[in-house]
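S.K.: Dropping the structure in here first, questions after.
The values are calculated or read from the model by the stated rules, or taken from the named source; none is laboratory data. Bear in mind that the values here come from a model prediction, so they are computed numbers and not experimental data. Cβ coordinates were reconstructed from backbone atoms using ideal geometry, including for glycine residues, and neighbour counts include every protein chain displayed. Keep in mind that these areas ignore ligands, DNA and RNA; they rest on the heavy atoms of the full protein, side chains included. Shrake-Rupley method; radii C 1.70, N 1.55, O 1.52, S 1.80 Å.
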Amino acid sequence: QVQLVESGGGSVQPGGSLRLSCAASRSISSIYAMAWYRQAPGKQRGLVAVLDSGGYTNYADSVRGRFTISRDNARSTVYLQMNSLKPEDTAVYYCNADLSSISYWGQGTQVTVSS
């Protein structure tokens, strides 16, 4: 079992930056993949970025070039650096740990981009 706790959300103006953190209750070095998802009001939850155990990354087209996913195995933490934020990035952001046969979710952290 893995418990995930997100932090770092908040309100920011367009063009600003935020860094989200996802702290895991166990080592993440052997977890198949860690990912960030987001869900805006009235929309389905969708993938933002994924980082697998081999270092492979992938991003949603809407965030590629602006967001960066990374991990610190020593701290069992995954990060999402978000730059050049836009109002359409407003959503609840969720951390996900994919252990291949089962996945776990954090409770989510709100990101609001507004002037």
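S.K.: So which residues in region 73-115 are of a type in the set (Asp, Glu) and within 14 Å of the chain's Cα centre (by Cα), if there are any at all?
M.R.: Correct list: 89, 98.
S.K.: Quick one: in region 43-55, which of the residues that are modelled with pLDDT of 95 or more and more than 15 Å from the chain's Cα centre (by Cα) is most open to solvent (accessible area, probe 1.4 Å)?
M.R.: For region 43-55, the residue satisfying everything is 44.
S.K.: Name the residues in region 62-108 that are touching a helix residue (DSSP H, G or I) at 6+ places or on another chain (Cβ under 9 Å) and either open to solvent by 40 Å² or more (accessible area, probe 1.4 Å) or at pLDDT below 95 (or both), would you?
M.R.: Answer for region 62-108, where residues must be touching a helix residue (DSSP H, G or I) at 6+ places or on another chain (Cβ under 9 Å) and either open to solvent by 40 Å² or more (accessible area, probe 1.4 Å) or at pLDDT below 95 (or both): just 62.
S.K.: Just for region 56-90: of the residues that are in contact with a Pro (Cβ under 8 Å, 6 or more places away or on another chain) and not charged (D, E, K, R), which one is farthest from residue 40 (Cα to Cα)?
M.R.: 85
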